[in-house]
Amino acid sequence: LDYEGRTAFVTGGANGIGLGLVRALLAQGCKVAIADIREDALAAAIKTFDNQSVIAVQLDVASRAGFARAADRAEAALGPVSLVFNNAGINLFQTIDESSYDDWDWVMGVNLHGVINGVMTFAPRMKALGQGGHIVNTASMASFLCGGAPGIYNTTKFAVRGMSESLRYSLAPHGIGVSVLCPGLAKSHIYASDEVRPSALSGGAKPVDGAAVDRLEQLHQFGMEPDVIAARTLEAMQENRFHIFPHPEFRDEMATVFDEILADFRDYPEDAGFAQRTGFEKMR
Ligand code: NAI
């Protein structure tokens, strides 16, 4: 994958991991559209670059029409997009049983439908352009590893991983790579997600626990630097790797999870020969 001269579109690019990706892409000679819901953060991010090749586009990724408009604006200014980073995400740090339907709609809208909208907007354009490219969807280690909280977040991230894997098979013939980025703790503003929650989806929301947000802010200060995550991401894209795991410390826990899954399989003697009779043994 040749980065030089390509146009990239990075959602949630005004902060955290997305902003790290923007910096890394510019350093590789890409043109970059930063798409984010936070106008103040977009303005602040743009100010840090002395570069004609970067623009800011205000976008709520949950909006289908808004996504198409943002893509049009980016392509009018910077040329056709062939690198897409569906990275915008929020977290609601609470369990499923203490959540409302508005909680579901908000988190699913941004973390899952935002990624779907990015794929539905750009995949047809990239196929028509015929210059290959790459789509990176940001999931999380939480797309494999669950605790009790945050359950809605886990749901969205597992879904992003599944859709990315399927998409990888369907776009490969077009020379378009797909990867899923699965970071652990990152230095970011995700603890402040509630600031961008739409009022229309705030019904039944639990009051924000200021002390818990403060604790999360402290925790995220110790997270991995976005520039490190971005460098590992661009390297993995170049090698067309599907899973991007910037945090090696999770390897042992992942091994435990897969061992637990395999341990749940049983041999059922009455089914002997079933798979051979049906001819259906493999999903991929
Ligand atoms: P961040 O809060 O620093 O950056 C996310 C950006 O997304 C913000 O600038 C925010 O304004 C934007 N955003 C939120 N809702 C949006 C919407 N509806 N439309 C457009 N933009 C929107 O957080 P971070 O951590 O950099 O998040 C990036 C991605 O990384 C997310 O998908 C997150 O789930 C994922 N992630 C983060 C981890 C962490 O420890 N911070 C760990 C694993 C995954």
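The values are calculated or read from the model by the stated rules, or taken from the named source; none is laboratory data. Worth saying up front: this structure is predicted, and the values here are computed from it rather than measured. Neighbour counts are summed over all protein chains in view; Cβ atoms, including those assigned to glycine, are modelled from backbone coordinates with ideal geometry. What goes into the accessible areas is simple: the full protein's heavy atoms, side chains included, and nothing from ligands, DNA or RNA. Shrake-Rupley method; radii C 1.70, N 1.55, O 1.52, S 1.80 Å.
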Does Val228 qualify as being open to solvent by 40 Å² or more (accessible area, probe 1.4 Å) and either out of contact with any Lys or Arg (no Cβ under 6 Å at 6 or more places or on another chain) or over 19 Å from Ile90 (Cα atoms) (or both)?
yes
Output the number of residues of the stretch 176-194 satisfying the condition of being more than 19 Å from Val228 (Cβ to Cβ) and either touching a Leu at 6+ places or on another chain (Cβ under 6 Å) or more than 8 Å from the ligand (Cβ to nearest atom) (or both).
5
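What residue, of Glu281, Glu239, Glu270, is open to solvent by 100 Å² or more (accessible area, probe 1.4 Å), charged (D, E, K, R) and under 22 Å from the mean Cα position of the chain (by Cα)? It would help to see each step written out before you state the result.
Values: Glu281 fails: under 22 Å from the mean Cα position of the chain (by Cα); Glu270 fails: under 22 Å from the mean Cα position of the chain (by Cα).
Going through Glu281, Glu239, Glu270 in turn, the sole match is Glu239.
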When you go through (1) within 16 Å of the ligand (Cβ to nearest atom); (2) more than 19 Å from the chain's Cα centre (by Cα); (3) over 30 Å from Ser202 (Cβ atoms) one by one for Lys127, which number turns out not to apply?
(1)
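Which ranges mark the helices (runs of 4 or more DSSP H) fully within the stretch 146-243 that have 1 or more residues being farther than 30 Å from Asp2 by Cβ and polar (S, T, N, Q)? Let's see the steps before the verdict.
Working: elements: 151-171, 210-221, 226-238.
In the stretch 146-243, the matching helices (runs of 4 or more DSSP H) lie at 151-171, 210-221.
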Residue ranges of helices (runs of 4 or more DSSP H) in the stretch 1-94 with at least 1 members near the ligand (Cβ under 8 Å from one of its atoms) and within 14 Å of the chain's Cα centre (by Cα):
16-27
Report yes if Glu98 is open to solvent by 20 Å² or more (accessible area, probe 1.4 Å) and either within 14 Å of the chain's Cα centre (by Cα) or under 23 Å from Leu201 (Cα atoms) (or both), otherwise no.
yes
